[in-house]
1. If I go through the range 1-41 residue by residue, how many of them are closer than 15 Å to P73 by Cβ and either among the acidic types (D, E) or touching a residue at least 40 places away in the same chain (Cβ under 8 Å) (or both)?
2. Tell me, which strands (runs of 3 or more DSSP E) wholly within the chain include 2 or more residues that are in contact with a helix residue (DSSP H, G or I) (Cβ under 8 Å, 6 or more places away or on another chain)?
3. Suppose the filter is of a type in the set (V, I, T) and touching a Ser or Thr at 6+ places or on another chain (Cβ under 8 Å); does V50 pass it?
4. Would you call R21 under 9 Å from the mean Cα position of the chain (by Cα) and not β-branched (V, I, T)?
5. Take the residues of the range 31-54 that are loosely packed, with under 13 Cβ neighbours inside 10 Å and charged (D, E, K, R): which is nearest to C8 (Cα to Cα)?
6. Looking at the range 19-30 only, could you name the residues that are more than 18 Å from P58 (Cα to Cα) and either surrounded by 12 or more Cβ atoms within 10 Å (Cβ to Cβ) or of a type in the set (A, V, I, L, M, F, W, C) (or both)?
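A short reminder: the numbers here are calculations on the coordinates, not readings from a lab. Here the structure is a predicted model, which means the values were calculated and not measured. Methodologically, a virtual Cβ is constructed for each residue, glycine included, from the backbone with ideal geometry; neighbour enumeration extends over all protein chains shown.
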Amino acid sequence: MRSVEGQCVWWSDEDGWGALRSDDVASDVFVHFANLRMDGYHSLQPGKRVRFDVEPYPSGQDGYFFRAHDVTPI
């Protein structure tokens, strides 16, 4: 895994997941609320800058082939 910076491009509070984008990753990155490192309600807003670890997700998740871990707002 490698650490990168990027931003939230969309988020669903109802489903508890969304997508991140970074210039350092070939495509958008799947993110689940369980991987957000923050106090209180785990949620993101589009445009929010974040730092995260990214790994390939060969089996895919809703069309995403990378997934994020340890997502921290910056």
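1. Result for the range 1-41: 9.
2. 64-73
3. Details: of a type in the set (V, I, T): yes; touching a Ser or Thr at 6+ places or on another chain (Cβ under 8 Å): yes.
Yes, satisfied.
4. Numbers: under 9 Å from the mean Cα position of the chain (by Cα): yes; not β-branched (V, I, T): yes.
When the stated conditions are applied, R21 passes them.
5. R49
6. Selection gives S22 alone.
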